[in-house]
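Heads up: the structure comes next, in C-alpha cells.
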Amino acid sequence: MLNRLNKACKFFPCHKGLEDCTFCYCPFYPCLDGKKGSFVYSAKRKEGIWSCASCSWIHKRKVTENIFTLIRNNKIRIEEETFRRHCERPKGAKQSNPNNSEIGIIILGHGSRLKKANVNLEAAVKAVKQKTGLNKVVSAYLQLAQPDLAKGVKKLITQGCRKVIIIPFFLFNGNHVTRDIPYMIKEEKAKYPKVNFSYTKNLGADKRIVDIALDIVEEALGGENNY
C-alpha cells in the first residue's frame, strides 16, 4: 500500500485522520452529504459555501485505492467519454467552417509500444473530424509511438495549414502537459514562425470528467448513490 502523504504542503494536515493526499481536492465536491459536510457562511464571498473540513472520507486509503482501481479498469472509456464531452458544443455555438483548409488539429497522446493501446486516440481523431467538419486532424505521440509531434506539425503545414491546434490527450495535468509539451511547441514555433499555434487544456482539466467518474462509481455501487 502506498503512503501518499504530502507533509511538505503548507496546508497539511487539512483534515483530521488524514491518511492519503492523492485527492488534494475531492472529485465529488460538493457531495452535499450532510454526514460529511455542511453549508457555512463565507464572509469573503458573502454567500454560503459547502465545507467538508471535518470529512476525511476521500483521504482514506481504502477509498482512494478503490477509486483508482475503477479509473484504471475504465481508462479507455473515461478518455473516450471525456473527449466526446470535451468536443460537444453548447447550443447556439457556431460550427467550424468545413472548407477552412488552413486549420489543422493534432491530438497528442502519450503513446505506447502496444498498438492496441493507441487505438482510442485514432477514435478521437475520427470523432473530431465528424464534429468539426475539418479534414486535417491527425494523431501524434509524445513518446514510444509514431508519428511524434514534430512530424504531425510538419504534415499539417505541408498541407497548407497556418493554424495548428494541439490537444493534449492526457487525463492528468502532470509534467508532460505543463512542461514537456509546451517546450516542444516552443521549438515548433521557432521552426515555423508564420504559423499560429494553439495549445488547449488537457482532458482532465475539464470539470465534466467528474460526471464520468461519478457514473462509473454509481455503476460499481449497483446504481445506488451512496457516496
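Here's the picture: charge each Lys and Arg Cβ at +1 and each Asp and Glu Cβ at -1 in the chain, and of P30, P147, N202 the one pushed furthest to the positive end of that dipole is P147. Proximity of backbone amide H atoms, modeled 1.01 Å from N, is registered between F39 and S51 at under 5 Å, excluding neighbours fewer than 5 places apart on the same chain. Under a model in which nothing but the beta-carbon of Lys, Arg (+1) and Asp, Glu (-1) is charged, the chain shows a dipole of about 780 debye around its Cα centre.
Just need the relative contact order of the chain here, percent rounded to a whole number, with Cα pairs under 8 Å and 6+ apart. Here the relative contact order equals 18 percent. Between K201 and A117, the modelled labels are 2.8 nm apart [label points 7 Å from Cα along Cα→Cβ]. Residue by residue, segment 177-193 carries 3J(HN,Hα) couplings of 6, 8, 10, 5, 5, x, 5, 5, 5, 4, 5, 5, 4, 5, 7, 10, x Hz when phi is fed to the Karplus relation 6.51 cos²θ - 1.76 cosθ + 1.60 (θ = phi - 60°); x denotes Gly or Pro.
Hey, for a label at K154 modelled as a point 7 Å past Cα toward Cβ, could you say which residues of segment 116-148 have their backbone N under 11 Å away? Counting only backbone N, you get 148. Principal-axis analysis of the Cα atoms of the chain puts helix 149-158 at an angle of about 40° to the longest axis. Considering only Cα-Cα distances, which of the following residue pairs are longer than 23 Å: K75/K189; K36/K75; K7/K60? Beyond 23 Å: K75/K189; K36/K75.
Values in this text are rule-based calculations from the coordinates and carry no lab data. Just so you know, these numbers come straight off a predicted model, no measurement behind them. Cβ: placed from backbone, ideal geometry, glycine included. Neighbour counts: every protein chain shown.
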